[in-house]
Amino acid sequence: MVSACGNTPVRIESRALADQVSRSPEHFIIAAVQDDPGGMVAHAGSTPRGYDNIAPYGPSPTAQRMMRSLENDYGLREVSAWPIQPLHMHCAVLEVPDGTDRDTVLLAMAHDRRIKLAQPMQGFATRTAGYNDPYWELQRGFLQMDVADAHPWSRGEGVKVAIIDTGADTQHPDLRGSIIAALNFVDSDAAQFQRDRHGTEIAGVIAAVANNGQGIVGIAPGARLLVLKACWQAEAGIDAAHCNSFTLARALVAAFDAHAQIVNLSLAGPADPLLSDLIQEGIRRGVLFVGAAPADGGDGNKGFLQLPGVIEVASAGTRTLGPALYAPGREILTLLPGGHYDFATGDSIATAQVSGVLALMLARKSSLSASDAYRVLRDSSGKSAADGSTIDACAAVVSIVGQGACNPAGPTHRVADGQTQRLTLH
């Protein structure tokens, strides 16, 4: 499953749900009961093997019997089940039969003392912009954020970034050696995993290989990526993708198991109790979460990522949001499946830019907290995004290192021999 170096292709491990779950979430309920299986369980730092064998947990017999009882009592059918060890829960996707009102069932379940959590299966979507206009300007986010002047201090060496998104082209020449694990929580289609656009774009922004004589340079080319497919493309050839509560939950726990330091969630969707609990557990463990800011400016109902400790990101120059950070997100050159390159636009891309800069920072200070990281990034940027102000990668890294200087006006790239060359993107 894992290839940390060299040209060995990354094997995509499938841990898919039943196919129907990804097609019609409105017909399903997520329910969870207490699960205390006892015995030894994996925890951070418990094994020198790290995450080269991310094994599924087994539910206790008591939890399994309780779930069977709930099925019988409420006339539901289990489609898939999975124990969530970090929350001590056994979780299941339950199908509501035709002719039964889901809200009525959920209301009854809310008063059942056996049930730890009951909620609708909810849908989420990647935060892309719906542009079909010809390219009119090359937005060089790498240069706007002065990443080149940050690279002498850090390239994100060894920082583990989990991309919870669609699949990605793990064999793209500009990702070779960057992806160390690939898991599929949607289906068993390994070929489609490689063809997925959105995850490939995000991976390229964060960690495209530097100095390989081709393509582009990632914000953190030394970072190591875990591509966790929890979303599926709406249709072939477009960026838009959809996810649901359960696929995202499984991917989040896989990120914890893999000891990810950063989780990139270029997504949007409603508040979700299960996902909120998992994100809060991750924050307690020291994981940095980076998520796309809500499209409505936060005036509507809060989404599942609007939680204390989650770093919200919006594309610079689009709108002003109180707590959000801003990064370039319009016409950003990145990767496409099949070894190709193209431009991408949206808060998703801006979110990936910030995840990359965080990797630069964590490589120099692994104990960096979410609040300290947010403060450093905020202070490195302008007061408002209305004029296109963005975070400054060099200023943020220099602040962490405690020495050095930046030259954001000079789009140059220092190479290993100490010389300086002009950075050109093709």
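A few points about this structure:
- Taking the criterion of being surrounded by fewer than 24 Cβ atoms within 10 Å (Cβ to Cβ) and closer than 19 Å to L335 by Cα, the residues of region 166-189 that qualify are Q171, P173, R176, G177, I180.
- Checklist (1) surrounded by fewer than 22 Cβ atoms within 10 Å (Cβ to Cβ); (2) touching a helix residue (DSSP H, G or I) at 6+ places or on another chain (Cβ under 9 Å); (3) modelled with pLDDT under 90 applied to L143, failing item: (2)
- Residue match in region 215-237 (condition: surrounded by fewer than 19 Cβ atoms within 10 Å (Cβ to Cβ) and either over 25 Å from E13 (Cβ atoms) or among the β-branched types (V, I, T) (or both)): yes
- L321 vs. criteria surrounded by fewer than 24 Cβ atoms within 10 Å (Cβ to Cβ), touching a strand residue (DSSP E or B) at 6+ places or on another chain (Cβ under 6 Å), at pLDDT 90 or above and not small (G, A, S): no
- Scanning region 231-279 for residues that are in contact with a Phe, Trp or Tyr (Cβ under 7 Å, 6 or more places away or on another chain), in contact (Cβ under 8 Å) with a residue 60 or more places away in the chain, small (G, A, S) and not in a helix (DSSP H, G or I) yields A241, A258, A268, G269.
- Matching residues, region 331-348, being under 12 Å from G204 (Cα atoms) and charged (D, E, K, R): D342
The values are calculated or read from the model by the stated rules, or taken from the named source; none is laboratory data. Predicted model, so just to flag it, every value in this text is computed and none were measured. So basically every Cβ, Gly included, is an ideal-geometry build from the backbone, and we count neighbours across all protein chains shown.
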